[in-house]
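Single-structure report; data block below.
The values are calculated or read from the model by the stated rules, or taken from the named source; none is laboratory data. All values derive from a computational prediction rather than experimental measurement. A quick note on method: Cβ atoms are made from the backbone with ideal geometry, for glycine too, and the neighbour counts reach across all protein chains shown. Each accessible area value is taken on the protein alone, full model and side chains, heavy atoms only, with ligands, DNA and RNA left out. Shrake-Rupley method; radii C 1.70, N 1.55, O 1.52, S 1.80 Å.
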Amino acid sequence: MTTNATPIINTRKLYIESYGCAMNFSDSEIIASIMHEHGFENTTDELDADVIFLNTCAIRDNAETRIRERLKHLRMNKRTNKDLIIGVLGCMAERLKDKLLEEEKLVDVVAGPDSYRDLPKLVAEVDGGGRAINVLLSREETYGDLNPVRLNSNGITAFVSIMRGCDNMCSFCVVPYTRGRERSRDSQSIVKEVLELHANGYKEITLLGQNVNSYLWFGGGQKKEFKKLTNEEQETAVDFADLLELVALAVPNMRIRYSTSHPRDINEKVVNIMAKYPNICNYIHLPAQSGNSRILDIMSRNYTREWYLDKIKMIRQIIPNCGITCDIITGFCTETEEEHHDTITLIEEAQFDFSYMYMYSERPGTPAAKKLTDDIPEDVKGRRLTEIIKVQNKMSLTKNTARIGKIVEVLVEGISKKSENDWMGRSDENIVVVFPKENHKKGEIVKVLIEKATVTTLIGKSIN
Ligand code: SAH
Ligand code: SF4
Ligand code: F3S
């Protein structure tokens, strides 16, 4: 380990490419930090790299197909640089383990999400000739003590990981197998990271976890249920609502977001804290997956359509203008046309601002793969997906059109993709807003009068 007293002289170059969810992008910043301490400097040019890491996703089959294609392409770099080391990290590495070393002969390192501290050693093993693998999952690892190196950062918004793993076992989902058991990170280390981001000029943070509402820290490390804690532990325990409050108070002029909430666990305590602190954004990503209670039951989501809609009602009662987005899977095992229709009416009743929508992709080893039949033909899944996208797009446009004439506060993140003369940022409710730059600066919060709306974007002009 290099100490502060000894300057780090980084001689080798590391190129990291991230796939999948925000947690993976956040992990890549941990990986960069570990490698930096061991003599590696980051590069954004893959041709310049001594080591290439692909931090991979396994959530759907097509996520893995993309990685395989990428690995084939990277073969070219190996031809011109015979010492190049290629590593597959993250969820696909954890799922396929040594199969990746056998199948993809050009992979030198395979490392799962809990073994990143071991990466320098794994690379050294490859330097010595051979291949290296560590896919052990941990019950404690949170990387809480590490200082992430902010990669591809806009300098304004950052992710802060608050927990790892997932204990939910939704029947379709590979995450509990690729990321292991759920564990929460020390609340003080979270606050420390947030304060450092603030000191470095960041303006917005997103607290990350697969199921943030079950965050629980009581100083002992391992997650337990609240009711199983001792009295002393209960007194000092920090749940998700407490954590949100701690962070909101620590950085009152930073915006705070979080993702992802589970509909079974989101509660009034959390929503009330959101309402109490103006710096916590009025935005909740609340994946429903389906609008039909039978499908939700075989998905093992542990709630019904009615329960879900009640949560939406509770949120809108406390925060009337709360932005709400959703994840939806179409064509899950045995889904009938009527059940599919229930998902359409859920979008209409819940009035989501936006949804991420996917066709069901069976993942080997999951409860659904073991116990249910993936019996909806691909063309039917595709047609159902097209139908829900159409309904969601209509809903998004209706909701955005209703924002015309309103003034929204926008945190400027960077230049608009479409025009160099416009800024792009997000409203409190997480809607993308574009407006002419004028004298405004990146990182500023600007009041914007909305004049036009599309399915995904609000367009306006500043009134500051
Ligand atoms: N922890 C989050 C979601 C993580 S995965 C939650 O519980 O909501 C992100 C999304 O991918 C899921 O919400 C789901 O909509 C989708 N997804 C997960 N497994 C899938 C599968 N096997 N096929 C298709 N989509 C899937
Ligand atoms: Fe997967 Fe369910 Fe955990 Fe989300 S809550 S990561 S969908 S098992
Ligand atoms: Fe993919 Fe792993 Fe995230 S499977 S969605 S990268 S937790």
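Here are a few things to note about the model shown:
- Phi-based couplings in Hz for segment 415-426 (Karplus 6.51, -1.76, 1.60; Gly and Pro marked x): 7, 4, 4, 8, 8, 5, 8, 10, 8, 10, x, 10
- Cys residues of the chain counted as unpaired, since no other Cys beta-carbon is under 4.7 Å: Cys21, Cys57, Cys91, Cys166, Cys281, Cys322, Cys326, Cys333
- Amide H to amide H distances under 5 Å link Ile85 with Val51, Ile52, where only residues 5 or more positions off or on other chains count and H is placed in the peptide plane.
- Convex hull volume of the chain per residue (C-alpha atoms, cubic angstrom): 163 Å³
- Counted over segment 12-134 with a bin width of 5 Å, the fraction of Cα pairs per bin, in whole percents, is 2, 12, 24, 28, 22, 10, 2, 0.
- Contour excess over end-to-end distance, with Cα ends at Glu103 and Glu451 and 0.36 nm allotted per residue: 119.9 nm
- Computed across segment 282-402, the Kirkwood hydrodynamic radius from all distinct Cα-Cα pairs reaches 14.8 Å.
- Note on Lys269 and Asn147: the model spin-label points, each 7 Å out from Cα along the C-beta direction, lie 3.4 nm apart.
- Cα gyration tensor shape of segment 394-436, rounded if a/c is under 1.5, else prolate or oblate by comparing a/b with b/c: prolate
- Spatially proximal lysines relative to Lys72 (Cα-Cα < 23 Å; intrachain offsets below 8 disregarded): Lys13, Lys82, Lys97, Lys99, Lys105
- Scaling against 2.2 N^0.38 Å puts the C-alpha radius of gyration of segment 407-462 at 0.94.
- Å² per residue, accessible surface of the chain at 1.4 Å: 45 Å²
- DSSP beta bridges confined to segment 198-341 are antiparallel in about 15 percent of cases.
- Accessible surface of the chain [probe 1.4 Å, protein heavy atoms]: carbon and sulfur percent: 52 percent
- When the helices of the chain are scored as -39500 (n - 2.57) per DSSP H run of n ≥ 4 and the total is divided over every residue, the value at 222 nm lands at -10500 deg cm²/dmol.
- Taking the DSSP beta bridges with both ends in segment 420-464, the antiparallel portion is around 75 percent.
- The antiparallel fraction among DSSP beta bridges confined to the chain stands at about 35%.
- Charged neighbours of Ile404, selected by a Cβ distance under 10 Å, balance to +2 (K, R count +1; D, E count -1).
- Phi-derived couplings, Karplus 6.51 cos²θ - 1.76 cosθ + 1.60 at θ = phi - 60°, listed residue by residue for segment 444-458: 7, 9, 10, 7, 10, 8, 7, 10, 9, 9, 10, 4, 10, 9, 9 Hz, with x used for Gly and Pro.
- Stretching Met76 away from Asn421 to a fully extended chain increases their span by 120.3 nm, per 0.36 nm per residue minus the current alpha-carbon distance.
- Evaluating 6.51 cos²θ - 1.76 cosθ + 1.60 at θ = phi - 60° for every residue in segment 429-434, the Karplus couplings come out as 7, 6, 8, 5, 10, 10 Hz, glycine and proline recorded as x.
- Taking the charge dipole of segment 1-126 about its Cα centre, with +1 at Lys and Arg Cβ atoms and -1 at Asp and Glu Cβ atoms, the residue from Cys21, His38, Asn10 reaching farthest to the positive side is Cys21.
- Given +1 at the Cβ of Lys and Arg, -1 at the Cβ of Asp and Glu and no other charges, the dipole of segment 407-462 around its Cα centre is 160 debye to the nearest 20.
- Heavy-atom accessible area ranking, 1.4 Å probe, most first, across Phe226, Phe435: Phe226, Phe435
- A Förster radius of 30 Å, combined with the Cβ-Cβ distance separating Asp379 from Asp297, puts the computed FRET efficiency at roughly 0.70.
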